There are 2 protein chains.
Amino acid sequence: MNKHTKQREAILRFLRGTYSHPTADQIYDEVRKEIPNISKGTVYRNLKVLQEMGLISELNLNGTVSRFEVKQESHYHFRCEKCGRVLDIGEPVDKELDRRVALRTGLKIHHHQLEFQGLCHDCQHE
Amino acid sequence: MNKHTKQREAILRFLRGTYSHPTADQIYDEVRKEIPNISKGTVYRNLKVLQEMGLISELNLNGTVSRFEVKQESHYHFRCEKCGRVLDIGEPVDKELDRRVALRTGLKIHHHQLEFQGLCHDCQHE
DNA sequence: GTAGTATTAGGATTCATTACTAATAAACAA
DNA sequence: TTGTTTATTAGTAATGAATCCTAATACTAC
């Protein structure tokens, strides 16, 4: 059974209050303001536990370290090639695409992930 | 200027002869059959150089180590959740999607990557 | 051939992530 | 409240992919 600890709670609370898709390190830095002696291992372990609980999900975008967000409906992401910022994209997920490719290839397709790349609003104007 | 070395040539030749999307380690193991004392650093460096030359491209699929393939037109990939196998998918890349999302969001979209996940032919039947 | 320079092998280093362990703190029952 | 059980923690060691470093080597052009 899972126990309720202030470390786990602080990590989840931080994720629920941000849209920034932080890395484990960024979460560590943030939560340390509240619990100064929390260890990085604790952050990693709790990120794993929270995933298993279905409360958050891990994001592995092209060649970058893992990022985390609160669990949402399936959606696409955008990553700025200049500043690295990650944004959620509202475009609806194309489930039909999975069916079409499955039919054409004979593969069993469970889902797909899509990542847009380009320049965010800030990085376009400079 | 780039020099022509048997190490670089062997790496490129192997990639040109496979559809397996190998990792750096797999490339290392393979090329070592031909050049037993090649070092892993040499493999990594040449993979980088070959990318800069535009001959190969790096593949970073969800939370796995880098894989490599000969440069092709933009296309989608499939990764088997059971055996890890990676396949190219013939489905045409939807450039219109980039335009639509750019228009809707104001982001500058250069391209997108898409990865299907599921079970390959072999892993469906067991 | 000689000179100039990119490349190599091999080992050291980095960095994200995981594993390990003794100490601690939830949870729960007596 | 106290004791017991067990998940969790802090801190540190270990792993593994990828990069960096350096003296020795091998391309390439002249």
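The values are calculated or read from the model by the stated rules, or taken from the named source; none is laboratory data. Model, not experiment: these values are computed from the prediction. All Cβ positions, even for glycine, are placed from backbone atoms using ideal geometry, and neighbour counts span all protein chains on display. The accessibility values were calculated without ligands, DNA or RNA, using every heavy atom of the protein model including side chains. Shrake-Rupley method; radii C 1.70, N 1.55, O 1.52, S 1.80 Å.
Restricting the range B:1-87 to chymotrypsin sites (Phe, Trp or Tyr not before Pro) that sit in a DSSP loop and have at most 12 other Cβ atoms within 10 Å of their own Cβ leaves B:Tyr19. For A:Lys95, the lysines whose Cα falls under 21 Å of its own Cα, not counting residues fewer than eight places away in the same chain, are A:Lys71, A:Lys108, B:Lys95.
Subtracting the Cα-Cα distance of B:Arg85 and B:Gln26 from their residue separation scaled by 0.36 nm leaves 19.9 nm.
Need one word for the protein assembly as shown: rounded, prolate or oblate. Basis is the Cα gyration tensor (sqrt eigenvalues a ≥ b ≥ c); a/c below 1.5 gives rounded, then a/b vs b/c decides. Walk me through the numbers before you get to the answer.
Working: a/c = 1.58, a/b = 1.40, b/c = 1.13.
Prolate, since a/c reaches 1.5 and a/b exceeds b/c.
For chain A, the convex hull spanned by the alpha carbon atoms encloses 145 Å³ per residue.
Computing FRET efficiency as 1/(1 + (r/R0)^6) for A:Asp122 and A:Arg100, where r is the C-beta to C-beta distance and R0 is 35 Å, gives about 0.45.
Shown is the FRET efficiency for A:Ser66 and A:His111, computed with R0 = 22 Å from the Cβ-Cβ distance and rounded to the nearest 0.05: 0.75.
For the range B:76-124, give me the percentage of DSSP beta bridges that are antiparallel, rounded to the nearest 5 percent.
Working: 4 of 8 bridges.
For the range B:76-124, the DSSP antiparallel bridge percentage is about 50.
The residue among B:Ala24, B:Met1, B:Val43 whose Cα reaches farthest toward the positive pole of the charge dipole of chain B, with charges on the beta-carbon of Lys, Arg, Asp and Glu, is B:Met1. Partner shielding of A:94-105 amounts to 3, given as the average count of beta-carbon atoms from other chains within 10 Å of each residue beta-carbon.
Global dimensions of the range B:6-70 from alpha-carbon coordinates: Rg and Dmax equal 10.8, 33 Å.
Three principal axis extents describe the C-alpha atoms of the range A:76-124; from largest down they are 42, 17, 14 Å.
For the range A:1-89, applying the loop criterion from DSSP together with a ceiling of 10 other beta carbons within 10 Å to the GluC sites (Glu not before Pro) yields A:Glu73.
Chain A comes nearest to the axis taking it onto chain B at the Cβ of one residue; that residue and its distance, in whole Å, are A:Leu114, 2. Counting only heavy atoms of the protein chains and using a 1.4 Å probe, B:Asp25 has close to 70 Å² of accessible surface. Take each residue in B:78-89, count the other chain C-beta atoms within 10 Å of its C-beta, and the mean is 2. For the range B:1-43, the set of trypsin sites (Lys or Arg not before Pro) satisfying both a DSSP loop assignment and a count of at most 10 other C-beta atoms within 10 Å is given as B:Lys3, B:Lys33. With bins 10 Å wide beginning at 0, the percent of Cα pairs of the range B:49-113 falling in each bin runs 17, 39, 35, 9.
To the nearest 500 deg cm²/dmol, what mean residue ellipticity at 222 nm is calculated for chain A from DSSP H runs of n ≥ 4 alone, each contributing -39,500 (n - 2.57), summed and divided by the residues? Intermediate values should be presented prior to the final figure.
Numbers: 5 runs with 48 residues, N = 126.
It comes out at -11000 deg cm²/dmol, rounded to the nearest 500.
The slack between A:Lys6 and A:Glu73, meaning 0.36 nm per residue of separation minus the straight C-alpha distance, is 21.4 nm. Counted over chain B, the DSSP beta bridges are approximately 70% antiparallel.
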